[in-house]
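Engineer: One structure follows; several queries about it will come next.
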Amino acid sequence: MTPPTLFITPGSCFAMFLLVSAAFAGNPTKSWPIIKHYDQKHLSQIALPIGGIGTGTISLGGRGDWRDWEIMNRPAKGFNPGSPFFAIRVKPTNGRSAVRALQGPVDEHLYSGAFGVKDATNPALPCFRNCSFDASYPFGIVNLADPDMPVKVRIKAFNPLVPTDPDASGIPIVAVTYEVTNLTASELSVSVCGTVENFIGNDGVKNVSSKNRNEFRKGTGFQGIFMSSDSVKPDDERWGTMALTTTASSGVTYRSAWLNAGWGTPILDFWDDFGDDGLLENRPPGANTPKASLAILEKIPARGTKGFTFFITWHFPNRYAWSPTRIGNYYTTQYKDAWNVIEKTLPELGRLEDQTIQFVAALTRSDLPRVVKESALFNLSTLRTQTCFRSEDGRFFAWEGCGDKEGCCFGTCTHVWNYEQAVAFLFGSIAKSMREVEFGKETDDTGLMSFRVKLPIDSAAWGKAAADGQMGCIMKVYRDWQLSGDNAMLTSLWPNVKKALEFCWIKGGWDANKDGVMEGCQHNTMDVEYYGPNPQMGIWYLGALKSAEQMALFMHDAEFAATCKSLFSHGSRWIDSALFNGEYYIHKIMPPGDKSNIAPSLLVGMGSSDYANPDYQLGNACLVDQLIGQVMAHVCGLGYLTDPNHVRTTLASIMKYNYKKSLNDHFNCLRTFALGDEAALLMASYPKDRPKNPFPYFTEVMTGFEYTAAIGMLYDGQGENGLTCITSLRNRYDGLKRNPYDEAECGHHYGRAMISWAEILALTGFHYSAVNQEMSFTAKDGDYFWSTGYAYGMVSMKRTGSKKSVTLTAIKGEASFGTFTLNGYGKKVFDVPARVDPGKKLTFEVSANDSKAGLPVYSLKAAVGAR
């Protein structure tokens, strides 16, 4: 792959990424920050999902095609209804016209098929010969050129993504501008036309439509075609509306229907009509799912550039997901229909585009490795896919991932969603809503937290507990309390948080003898039950105990805090002495002997049925994510849960035993997510001895687990190893072999991979506590992105003599702190809490080992007293 060319605007501070000219409403004046360039050999798998949080998406393909129309409440990989496309007609004043589909060439490996080319979009249409893709998220730019065409074209598409504002980031819209540059010394007549079928009623799995209708309309500042259906039942999940619109005020022609005829006559009729003069003549309605075409005709002066802007909007209110009854969509409560989406969004879209640019630009200009910015940013796309949704009441739910045509593994599974870190640090209100479901709805009076949520939300609980899922949720409520400073949330949830920890100590439970060590039956994210102490569950437990101690102190529950502290102390010492083998932590298998010794809610039914000699155990494995609880503790600012030297040795051992520069000689007994000469971290290795039948996934490779180990390395001073792992992972998602916006595990767009956001936390050293009024960063000079879920901005550190000059900027939201720490260097304690407001900056100095007071002014004890 060719490295991207670096364009630096004079006076620009964005020196580490591309500044690509972007257009909106035909005005090519804005610049989009771009992280990565993909050449023509690395385009075939690229599909950038464009849509809002919980709305579904339409994907921009690497060659400019529009694919995977996943807007009707379910995944729809490969679903391209009616072969949608955009086309361009170009005519010199005294020359012949040329018509092309606005996409690059079909990949040669797709040329074959029993009845011609089958798996490529619009293979029969003439297209541009040369193509490349400039990528960030949510921005995507396709570059088209052809030696036989007098123009070059940039396809620039996005959907607003504004941290701290889930509503602004949850709009069902594709905004796309075709920026056309005249390469000649003469004026050109240029027409750009978009064609979309009204496929309402057809979600790619089932087609229930029989009579759909298109209507040309004019709105305030826009016009286009509104699509509806007279035949789909109003309670069907495929019922809704769509619209194809433009802001062009002149030169607009349309077809609300194509010619209703047989064989290839309809597209022949369209191509002849459009090619004749770049204007469209309407056709009478006839087809059950009529195509809509919208064209814009402009004159482009010599060497000039103009933008042709279109919008695709949608509104499908009837989501069912895994519920037997309708749960609806939050986004559709904000609009009457698809026309209303553009009506309400258009006046705000320029501002939202600016805010999206601000976010991506801030992240991309951070002094972080490009691969870190890429993995953290690109995986945010999962939030907008059909993996995630918001029910009509605004609550956030998710599958683990998506199959091609349906969600995979229901219930916002706690042991999967424990890993991701993006939501809490970008959309704090969504993270809190998840905690409210986990502790407010899914935790019963015994403290059992169902690790999968049934819908509708008032359904009887699932009634099964996962050890890692439940412990991780306790740590997450602590994290989200710290980030938000929302004492009311903690007060409301604390009784069930406490019960969730006490559940460990029930008869036949995870820690029935209450010694700080999990010995019992532990269902977990490997989809089986472990028996006996192991690092994965044990360190999650330590993190939950430490988190609960801090929350109990705030809640004036000194007795429970003391219990947690005592159990943590004993458990930590025991794990270090009994499970650390000198290189890494191992699993001591302790069979229960009989099913009657296990609390019924702990058996899910996916593990071994032999309780005397159970299969699917870790044993002496070097497990890739054995330190996930420690990674979460770093994120939460809780310090080390076990001996720091053991942690560092374990991370080095994971690299030594699990990292493979090539998988050519690797035997895998299950699913294949990496192969051949690709490099990867294996789920587990067995340097000494292996159980006859280990846990199911031990030979696999999965990105969320690889990130977990790599982030641990970044936190613990093994940055070169960590970056090697991340780079090897992202090299596999190179656009040729896999989609860089789709890291799969049990399904496309898998939630666990969003732990990649914690790479930023590890390398910037960022930690924030709104409760304690503390903020900290690395002491390394540079510019760094920061976010709390309620605010975000940049910090700049620079040595000035014997001190560090710090400039903290809030781009959106505000943050306050009484203590500012540069890790390992010094801290600044303010007499009065400092606050940085939106759009403002705060500059101050930090001296080496500067400590105005022995403890921060806003310590936890002070916060407890204030309560």
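Engineer: Straight-line reach from Lys688: which lysines fall under 16 Å, measuring Cα to Cα and dropping same-chain residues less than 8 apart?
Structural biologist: Filter leaves Lys588, Lys656.
Engineer: Same structure again: With θ taken as phi - 60° and the coefficients 6.51, -1.76 and 1.60, list the Karplus ³J(HN,Hα) couplings across the range 573-583 in order, rounded to whole Hz; mark glycine and proline as x.
Structural biologist: Per residue, the Karplus-derived 3J(HN,Hα) values read 4, 5, 4, 5, 7, 9, 10, 7, 9, x, 10 Hz.
Engineer: Let me ask something else about it. Would you please give the FRET efficiency between Arg217 and Lys405, computed as 1/(1 + (r/R0)^6) with r the Cβ-Cβ distance and R0 = 25 Å, to the nearest 0.05? Display every interim value, and only then the final one.
Structural biologist: Values: r = 33 Å, r/R0 = 1.30.
In this case the efficiency is close to 0.15.
Engineer: Taking 45 Å as R0, compute the FRET efficiency from the Cβ-Cβ separation of Lys688 and Asp594 and round it to 0.05. Spell out each step's value before the answer.
Structural biologist: Working: r = 30 Å, r/R0 = 0.67.
Given R0 = 45 Å and the Cβ-Cβ separation, E is 0.90.
Engineer: Can you sort Ser229, Ser186 by solvent-accessible area, 1.4 Å probe, largest first?
Structural biologist: Ser186, Ser229
Engineer: Can I ask one more? How far apart, in nm, are two points set 7 Å out from the Cα along the Cα-to-Cβ line at Asp515 and at Asn94?
Structural biologist: Placing both labels 7 Å beyond Cα along the Cβ direction yields 9.7 nm.
Engineer: I would also like to ask the following. Can you give me the long-range amide H partners of Phe308? Hydrogens built in the peptide plane at 1.01 Å from N, cutoff under 5 Å, separation of 5 or more residues or another chain.
Structural biologist: Correct list: Tyr178, Glu179, Val180.
Engineer: Looking at this model, which pairs from Lys36/Lys803; Lys344/Lys432; Lys464/Lys498; Lys507/Lys565; Lys441/Lys476 are more than 25 angstrom apart at the alpha-carbon?
Structural biologist: Lys36/Lys803; Lys344/Lys432
Engineer: While we're on this one: Got a number for the accessible area of Tyr697? Probe 1.4 Å, square angstrom, nearest 10.
Structural biologist: Tyr697 has an accessible surface of roughly 30 Å² with all protein chains in place.
Engineer: Using 0.36 nm per residue, how much length does the chain from Leu736 to Ile457 gain when fully extended, once their Cα-Cα distance is taken away?
Structural biologist: Numbers: separation 279, 0.36 × 279 = 100.44 nm, distance 4.13 nm.
Length difference between fully extended and current span is 96.3 nm.
Engineer: Let me ask another. Output wanted: per-residue J couplings in Hz (rounded whole) for the range 545-560, from phi through Karplus 6.51 cos²θ - 1.76 cosθ + 1.60, θ = phi - 60°, x for Gly and Pro.
Structural biologist: So the J values, rounded to whole Hz, are 4, 5, 5, 5, 4, 5, 5, 5, 4, 5, 8, 6, 9, 5, 5, 5.
Engineer: Here are a few candidate values for Cα extents along the principal axes in Å: (1) 84, 76, 71; (2) 107, 84, 70; (3) 86, 67, 52. Which one was actually calculated from the structure I just gave you?
Structural biologist: (3)
Engineer: Next question, about the same structure. Can you list the residues, at least 5 places off or on another chain, whose amide H is less than 5 Å from the amide H of Ala292, using H built in the peptide plane?
Structural biologist: Val196, Glu197, Asn198
Engineer: Determine the gain in length on full extension of the stretch His666-Ala612; use 0.36 nm per residue of separation and subtract their C-alpha separation, reporting nm with one decimal. Walk me through the numbers before you get to the answer.
Structural biologist: Values: separation 54, 0.36 × 54 = 19.44 nm, distance 3.16 nm.
The span from His666 to Ala612 would gain 16.3 nm if fully extended.
Engineer: Go through Ser577, Ser787 and list them by solvent-accessible area, largest first, probe radius 1.4 Å. Each step should come with its number before you reach the end.
Structural biologist: Numbers: Ser577 90, Ser787 5 Å².
Listed by decreasing accessible area, they come as Ser577, Ser787.
Engineer: Additional query: With 30 Å as the limit, write out which pairs from Lys499/Lys827; Lys218/Lys291; Lys156/Lys233; Lys373/Lys661 have Cα-Cα distances beyond it, or answer none. It would help to have the intermediate numbers written out before the result.
Structural biologist: Working: Lys499/Lys827 37 Å; Lys218/Lys291 19 Å; Lys156/Lys233 36 Å; Lys373/Lys661 23 Å.
Lys499/Lys827; Lys156/Lys233, as the Cα separations exceed 30 Å there.
Engineer: Continuing with the same structure: Along the range 242-255, what does the Karplus equation 6.51 cos²θ - 1.76 cosθ + 1.60 (θ = phi - 60°) give for ³J(HN,Hα), rounded to whole Hz, x for Gly and Pro?
Structural biologist: 9, 8, 10, 9, 8, 8, 4, 9, 9, x, 9, 10, 7, 10
Engineer: Something else now. Label Ser83 and Glu559 with points 7 Å out from Cα along Cα→Cβ: what is the distance between them in nm?
Structural biologist: The two pseudo-label positions are separated by 7.5 nm.
Engineer: Follow-up question, since we're still on this one. Taking Lys118 as the anchor, which lysines have their alpha carbon closer than 18 Å to its alpha carbon, excluding any fewer than eight residues away along the same chain?
Structural biologist: Lys77
Engineer: Where both partners of a DSSP beta bridge lie in the chain, what percent of those bridges are antiparallel, to the nearest 5? Mind dumping the intermediate values first?
Structural biologist: Numbers: 138 of 146 bridges.
Of all bridge pairs located within the chain, approximately 95 percent are antiparallel.
Engineer: Rounded, prolate or oblate: which fits the range 511-556 when a ≥ b ≥ c are the square roots of the eigenvalues of the alpha-carbon gyration tensor, with rounded for a/c under 1.5 and prolate only if a/b beats b/c? Don't skip to the answer; put the middle values down first.
Structural biologist: Working: a/c = 2.99, a/b = 2.04, b/c = 1.47.
Here the range 511-556 falls in the prolate category.
Engineer: While we're here: For the pair Asn130 and Glu187, how long in nm is the line joining their label points, each one 7 Å along Cα→Cβ?
Structural biologist: With each label placed 7 Å out from Cα toward Cβ, I get 2.8 nm.
Engineer: Can you list residues whose amide H is under 5 Å from Asn693's amide H, if they're 5+ apart or on another chain and H is modeled 1.01 Å from N?
Structural biologist: Tyr616
Engineer: Looking at the square roots a ≥ b ≥ c of the eigenvalues of the Cα gyration tensor of the range 48-120, which shape do they give, rounded for a/c under 1.5, prolate if a/b is larger than b/c, or oblate?
Structural biologist: Numbers: a/c = 2.88, a/b = 1.47, b/c = 1.96.
Oblate is the answer for the range 48-120, as a/c is 1.5 or above yet b/c matches or exceeds a/b.
Engineer: If you don't mind, another one. Given a Förster distance of 30 Å, report the FRET efficiency between Asn823 and Asp167 from their Cβ-Cβ distance, rounded to the nearest 0.05.
Structural biologist: On the way: r = 35 Å, r/R0 = 1.17.
Once the sixth-power term is evaluated, E becomes 0.30.
Engineer: State the extension gain, in nm to one decimal, for the chain segment bounded by Asn487 and Asp148, taking 0.36 nm per residue of separation less the distance between their alpha-carbons.
Structural biologist: Details: separation 339, 0.36 × 339 = 122.04 nm, distance 6.53 nm.
Gain in length upon complete extension: 115.5 nm.
Engineer: Can you show me the helix-derived [θ] at 222 nm for the chain, built from DSSP H runs with n ≥ 4 at -39,500 (n - 2.57) apiece and divided by the number of residues, rounded to the nearest 500.
Structural biologist: Mean residue ellipticity at 222 nm (helix-derived): -7500 deg cm²/dmol.
The values are calculated or read from the model by the stated rules, or taken from the named source; none is laboratory data. Computed from a predicted structure; not experimentally measured. All Cβ positions, even for glycine, are placed from backbone atoms using ideal geometry, and neighbour counts span all protein chains on display. To get the accessible areas, we keep the full protein, side chains included, count just its heavy atoms, and leave off ligands, DNA and RNA. Shrake-Rupley method; radii C 1.70, N 1.55, O 1.52, S 1.80 Å.
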